[in-house]
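Colleague: This is the structure I want to talk about, given as C-alpha cells.
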Amino acid sequence: AIDIRSLLKDTGHITLDRGFMNTASCFSSITYLDGDKGILNYRGYSIEDLAANCSFVEVSYLILHGELPNYQELEHFRHDMNRFALLHEDMIHFFDHFPPNASPMSILSTTINSLHNFYPEMTAKTDPYGGISVTTARLLAKVRTIAAFSYKKSNGYPLVYPSHKLNYCENFLNMMFDRPNIPYEIKPEVTAALNKLLILHADHEQNCSTSTVRLVGSAQVNLYASISAGVSALWGPLHGGANQAVIEMLEEIHESGDDYNYYIEKAKDKNDPFRLAGFGHRVYKTFDPRARIIKEACHEMLASMNVHDPLLDIAFELEERVLRDDYFISRNLYPNVDFYSGIIYRAMGIPTDMFTVMFALGRLPGWIAQWTEMHADPNTKIGRPRQIYTGYKQRAFVPMYER
Ligand code: ACO
C-alpha cells in the first residue's frame, strides 16, 4: 500500500485532488450551477425558461456572446448557420474512406480536427451585429453537417446537403433522414424536442470534456483541435457516452424479463464494476434539473407521436425503485441528463451510436464559449497539473547482458 503521508512530506506544497473533486481551474461567467439545489443557469437565465422559450441558435448566441440576441442579431446568426453549413468538397471524400462500421464519434472528432486545414483563420473577425467570430459560426454550422454525414456514411445512403429553407434543427433532421424517393416529413413535435435537448446540453461548466477543451486550448492549439479533443473526452461511458449505455441497459433489463432487482443489486455490488447508467453525478446531489425537463419532454413527444416505447415504462419503474433504495439514497444518486434523452432520440429514429454525437452537437456552443473565455483572460496559464511521484527515485543503470 502507498504511504501517502510520507510521499506528501517529500513533495512539499502540492495538493492531491484526484478527479478534481474540489479544485477550481478558472474563473467563468458562462454557467451557474448549484448542485445541492439543482439549479442550472446560462449567463444568469434558468434552463427552464430558456428551454421553454428559445431556439437552440438563440441559446448558442447567448452562451457565446453573453446576452440574448435581438431580432436582427438572431437573424444574422441564423443566416450564418446557413451560409457556413456546407463542407469543402475535398472534405466530403473523407466520409468515403472510413470503414463501414466506423463510429460516428471518431468520424466527428477526426473531421472537426481537420477543419483547420480547410478554414485556418483563427482571428476573431467580429461582425457588426453580435461579435461572434466567423470561425465560431463556421464551426457551429459545419459540425451539424459533419454529424449528419457521419450517420449517412454509417448506413450507406447518399449524403443530403443542408437546405437554406430549413431552420437549424429541421435542417439536421432532414440531412439525417431524407432519402432518395423517401422524403423526410418534418414534424413540429420532433423538431421541438430536438431543440429542447440541444439547449439542455449547451453548457455545463467545467465537466470532463469542457476541461479537456480548456486544457488542450491552454497550450494555444487552435479551436478546432481543442474541440476535437473535447469530442473524444465526451465519448467515454462515464461522460457523454452514458446516454448510449442507458438504452443498452434498459434493453437488457427488458430482455431479462424486467428483472430490475438483478440490475439494481449488481450495481450495488462493490466487486462488480457495473453501474446503473444514467444515475449519479459529480456535482448534482439532487435531481439533475435537465433530467426533469427531458423526462417531461419525453412524455410529451411520445404522446404526440402516438408512440409507445416499452423502454420508457422500464425507465420509470427503474427510477422509482432506485429512488426508494437506501444504497442510492445515501449516496445521492438521482437520474442525470442522460437517463431519458436516449428514449427521445430513439423515438426520433436516431440510432444508439449517434446519441453521443447528439450530445456533442448540443455541447458545442459551451465548448467554444469556454475556449474563448479562457483566451480572453490575460491571466490564463498553460494547464499543467503536478503529481505525487511513487516510483524509484534513482537506480544504477543495468546493462543489457545483466538484465
Ligand atoms: N450506480 C451504482 N453506484 C454508483 C453510481 C451508479 N450509477 N454512481 C455512483 N455510484 C456509487 C459509487 O460506487 C460510489 O460508491 P461508494 O461511495 O460506496 O464507493 C459512490 O456512488 C460515489 O460515486 P463516485 O464514482 O465516487 O462519484 P463520481 O462523482 O466520481 O462519479 C459519475 C460520477 C461518473 C457520473 C458516476 O455517478 C457514474 O459512473 N454514473 C454512471 C455513468 C453516468 O450516468 N454518467 C453520466 C454522467 S452525466 C454526464 O456526463 C453528462
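The values are calculated or read from the model by the stated rules, or taken from the named source; none is laboratory data. Quantities reported herein were computed from a predicted structural model and do not represent experimental measurements. In this analysis, Cβ positions are derived from the backbone assuming ideal geometry, glycine residues included, and neighbour counts consider all displayed protein chains.
Colleague: Which members of the stretch 160-169 meet the condition of being farther than 15 Å from Arg83 by Cα and more than 20 Å from the chain's Cα centre (by Cα)?
Modeller: Val160
Colleague: Moving on to the next point. For the stretch 17-46, which positions are outside any loop (DSSP other than H, G, I, E, B), more than 14 Å from the ligand (Cβ to nearest atom) and among the β-branched types (Val, Ile, Thr)?
Modeller: Correct list: Ile39 only.
Colleague: With the requirement that a residue be exposed (fewer than 13 other Cβ atoms within 10 Å of the Cβ) and either over 15 Å from Ile264 (Cβ atoms) or of a type in the set (Asp, Glu) (or both), what does the stretch 308-332 give you?
Modeller: Once the filter is applied, which keeps residues that are exposed (fewer than 13 other Cβ atoms within 10 Å of the Cβ) and either over 15 Å from Ile264 (Cβ atoms) or of a type in the set (Asp, Glu) (or both), the stretch 308-332 yields His308, Pro310, Glu320, Asp326.
Colleague: Now a separate question. Is it the case, given these coordinates, that Gly240 is assigned to a helix (DSSP H, G or I), touching a residue at least 12 places away in the same chain (Cβ under 8 Å), under 16 Å from Leu108 (Cα atoms) and within 14 Å of the chain's Cα centre (by Cα)?
Modeller: So Gly240 fails the test.
Colleague: Let me ask another. I'd like to know if the stretch 288-302 contains one or more residues that are touching a Ser or Thr at 6+ places or on another chain (Cβ under 6 Å) and either assigned to a helix (DSSP H, G or I) or modelled with pLDDT of 90 or more (or both).
Modeller: There is at least one residue in the stretch 288-302 that is touching a Ser or Thr at 6+ places or on another chain (Cβ under 6 Å) and either assigned to a helix (DSSP H, G or I) or modelled with pLDDT of 90 or more (or both).
Colleague: For the stretch 316-334, which residues satisfy the criterion of being more than 9 Å from the ligand (Cβ to nearest atom) and under 23 Å from His254 (Cα atoms)?
Modeller: Scanning the stretch 316-334 gives Phe316, Glu317, Leu318, Glu319, Glu320, Arg321, Leu323, Arg324, Asp325, Tyr334.
Colleague: Let me ask another. Is one or more of the residues making up the stretch 310-328 of a type in the set (Phe, Trp, Tyr), in a helix (DSSP H, G or I) and under 30 Å from Leu115 (Cβ atoms)?
Modeller: No, every residue in the stretch 310-328 fails to be of a type in the set (Phe, Trp, Tyr), in a helix (DSSP H, G or I) and under 30 Å from Leu115 (Cβ atoms).
Colleague: Quick check on the stretch 376-403: of everything there that is within 16 Å of Lys9 (Cα to Cα) and loosely packed, with under 10 Cβ neighbours inside 10 Å, which residue is nearest to the chain's Cα centre (by Cα)?
Modeller: It comes out as Gln387.
Colleague: Oh, and also: Determine which member of the set Glu58, Glu67, Glu89 is surrounded by fewer than 16 Cβ atoms within 10 Å (Cβ to Cβ), closer than 30 Å to Val337 by Cβ and of a type outside the set (Gly, Ala, Ser).
Modeller: Just a single option satisfies the conditions, and that option is Glu67.
Colleague: Among the listed residues Ala347, Ala369, identify the single one that is surrounded by 13 or more Cβ atoms within 10 Å (Cβ to Cβ), over 17 Å from Ser150 (Cα atoms), away from the ligand (no atom under 16 Å from the Cβ) and modelled with pLDDT under 90.
Modeller: When all the criteria are applied, what remains is Ala347.
Colleague: Which ones in the stretch 269-287 are among the polar types (S, T, N, Q) and closer than 18 Å to Leu323 by Cα?
Modeller: Scanning the stretch 269-287 gives a single hit, Thr286.
Rundown of residues vs (1) at pLDDT 95 or above; (2) over 28 Å from Lys37 (Cα atoms); (3) within 9 Å of the ligand (Cβ to nearest atom), yes/no style:
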position: His239; (1), (2), (3): no, no, yes
position: Ile247; (1), (2), (3): no, no, no
position: Asn271; (1), (2), (3): yes, yes, no
position: His281; (1), (2), (3): no, no, yes
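Colleague: While we're here: Considering each residue of the stretch 34-87, count those that are more than 22 Å from Gln206 (Cα to Cα) and among the basic types (Lys, Arg), and give that number.
Modeller: 2
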